[in-house]
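Where a number appears in this text, it was derived from the coordinates with a stated rule and is not lab data. Everything numeric here is computed off the predicted structure, so don't read it as measured data. Methodologically, a virtual Cβ is constructed for each residue, glycine included, from the backbone with ideal geometry; neighbour enumeration extends over all protein chains shown.
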Amino acid sequence: MANGSVFVRRELMIRFVRAFNNGTLETDLDRFAVEMRPRLGQSSRCCIYHDRAVIKYRLMSLLGFSCEEETDEARTLASYYREAIERETPVNVAETIPLSVCEAGCSGCPSARVIVTPNCRGCLNRPCMYSCPKGAISIVNQVSTIDYSKCINCGKCTTVCPYHAIVKTTVPCEEACPTGAIHKDPDGHTRIDMEKCISCGNCFSKCPFSAILERSQMLDVMKAIKNGEKVVAMIAPAIEPQIAGSIEQLFTAVSKLGFTDVMEVAIGAEETTAREAEEFKEKMLAGERLMTTSCCPAYVELVRKFVPELMKYVSHTPSPMVLAAEIARKEHPGCKVVFVGPCVAKRIEGARNNIDFVLSFEELLGMLAGSGIDIIACEPMKLPRAAISDARGFAKSSGVTQAVVNELGNFKDDFKLDAKAINGIEKKTISILKLYAAGKLPGNFLEVMCCPGGCVNGPCSLKK
Amino acid sequence: MKKMTLEICSGTTCYMLGANNLLNIENEMPSELRGLAEVRALPCMGLCNDKELSGAPYVKLNGKVIEKATPEKIYDAMRALIEE
């Protein structure tokens, strides 16, 4: 369920789009924070001034900047707007990362550790003391006391206390990050390590303050449409369970935004399936022992950065997004293409594969809401090429495997398919992948989806 | 007692700002309230323009507008109606 900080982010998107459509964005940008948090109004944080500061950085990210780029704190949003509106292409996120930490919004959660709460009764059985493998717990003044020079944060004591008096505090972003890319610098500021970040977006969706920001390309898309360029929207199949109304109504709504054409990314998934099945067959017949999927960009980043020895087993078949873009460009020569999905890592894959823009579902809905377009009030659009359900199934875990299995049904059984899947990337996934690379685990077709359940649970999905 | 009408704005703005969590409210109501209201999802009711954006999501209970609607606010309003 979405929380307060998510609604602030969405309300800002809607205001942003409304002002863009009115032609007043440049002057309105510096007013939003005050309008949303007036002097005598309520604040979500300690005071309205803190709220206003965070709103400023959210608007910077909507303009496509990372708050870490700020060198002059006094610089107005109007000035950032002028820079953004002049740029020919958005910042290339493949050369950086699409995420940044908003320091003003970050609560600076204390590092994860085990603490004894006042619920401790100093009981005589002392299971905490006896279960501690490091002898870090003693009873001082009838209360369980932890010696942090010995404690290794294993959490055993938290599970044995009959009063639930010992708890492990967490840092949600650090806990959610599967690669250890988030840490605190010596000054206590949360940082994302570019070398380790795979842009999975877990921190983005798990931070209870929504203090992780995405560089948006919404302004770039709206500008291209306004300038009369041909822009084609490609919508990922994961959107279906996310909206009020049907896909067909959504397509009408999106075309009202001024896109030249709207298509399903699943159209590309049909081609991906056919090619991936063909590639798999060829590889198996050539005696290779493993092929693993390429459609989840966060997984591919994980392999690239942490298990490079597995790279040669990653399928070379382009992802549905890339193939959908080929179709769009064929049908609308000279067009710009926008991928719309629930994914942060697609921003990187898009930048690497000549996709002009990437938007999140949230940003697309923000554009619709800000333009006063109601999905459920729209007539359903007749889809010129509705994708088959196997292709739409790419958005769910094991969907890729299912599509490829169905496709392989057309081939003669010259080899046996042994499909395995990893449903959600966790901290331990890297070591499992190393075992696959070393040939120590069974299976010749490995599907990996970064998000548990697949793209439908992506970090930018609206149901979160 | 006459059935109440609970209209949930499902315009894109309200949907984004929380109405998506209200659409299933009929099945999530506390047992004493279940079945007492007819729940309908409506297109944009036009309540969210300019200044009033911060009041989304909007719902109407027997025609009376509830701003920043949450399940709890709706239940309270329903209970108040029952007591009337």
Simple spin-label estimate for A:R31/A:C46, 7 Å along Cα→Cβ, in nm, reads 3.0
P(r) over all Cα-Cα pairs of region A:1-62, 5 Å bins from 0 to the longest distance, whole percent per bin, short to long, reads 4, 18, 30, 25, 16, 6, 1
With x for Gly and Pro, the residue-by-residue ³J(HN,Hα) of region A:245-260, computed from phi through the Karplus equation 6.51 cos²θ - 1.76 cosθ + 1.60 at θ = phi - 60° and given in whole Hz, is x, 9, 4, 5, 5, 4, 4, 4, 4, 5, 5, 5, 6, x, 5, 5
Beyond 29 Å (Cα-Cα) in this structure, taken from A:K283/A:K382; A:K230/A:K346; A:K382/A:K416; A:K150/A:K305; A:K206/A:K312; A:K56/A:K206, we find A:K283/A:K382; A:K382/A:K416; A:K150/A:K305; A:K206/A:K312
One would report the antiparallel percent of DSSP beta bridges in chain A, rounded to the nearest 5, as 40
Rounded to 0.05, the calculated FRET efficiency for the beta carbons of A:E70 and A:R191 at R₀ = 25 Å is 0.95
Counting sequence-distant residues (5 or more places) and residues on other chains, those with an amide H built under 5 Å from that of B:V65 are none
Taking a straight Cα-to-Cα line shorter than 16 Å from A:K184, and setting aside same-chain lysines fewer than 8 residues away, one finds A:K196
Checked chain A against the a/c 1.5 cut and the a/b vs b/c comparison, axes a ≥ b ≥ c from its Cα gyration tensor; verdict oblate
Each label sits 7 Å from Cα toward the beta-carbon; between B:K2 and A:R304 the label points are separated, in nm, by 6.4
Per its Cα gyration tensor (rounded if a/c is under 1.5, else prolate when a/b beats b/c, else oblate), region A:33-111 is best filed as oblate
Cβ density ranking, 10 Å radius, fewest first, applied to B:V39, A:V358, A:V337 yields B:V39, A:V337, A:V358
Final fewest-first order of A:S210, B:S54 on the 10 Å Cβ neighbour count is B:S54, A:S210
Listed by chain and number, the lysines with an alpha carbon less than 27 angstrom from that of B:K64, same-chain partners under 8 positions apart left out, are B:K2, B:K3, B:K51, B:K73
The answer for A:V314, listing residues at least 5 apart or on another chain whose modeled amide H is closer than 5 Å to its amide H, is A:T292
With 0.36 nm assigned to each residue of separation and the Cα-Cα distance removed, A:K184 to A:Y163 gains 4.3 nm
To the nearest 0.05, the calculated FRET efficiency linking A:I388 and A:N227 through their beta-carbon distance, R0 being 45 Å, is 0.80
Looks like region A:114-168, by Cα gyration tensor root eigenvalues a ≥ b ≥ c and the a/c under 1.5 rounded cutoff (else prolate when a/b is bigger than b/c, oblate otherwise), is rounded
Amide H contacts under 5 Å for A:V448, restricted to residues at least 5 apart in sequence or on another chain and with H modeled in the peptide plane, are A:T293, A:I422
Along region A:63-70, Karplus-curve 3J(HN,Hα) (6.51, -1.76, 1.60; θ = phi - 60°) to the nearest Hz, with x for Gly and Pro, reads 7, x, 9, 9, 5, 5, 7, 5
With only helices counted (DSSP H, runs n ≥ 4, each -39500 (n - 2.57)), the per-residue ellipticity at 222 nm for the protein assembly as shown, to the nearest 500, works out to -10500 deg cm²/dmol
With x for Gly and Pro, the residue-by-residue ³J(HN,Hα) of region B:13-28, computed from phi through the Karplus equation 6.51 cos²θ - 1.76 cosθ + 1.60 at θ = phi - 60° and given in whole Hz, is 5, 4, 4, 5, 9, x, 5, 4, 8, 9, 5, 9, 4, 4, 7, 9
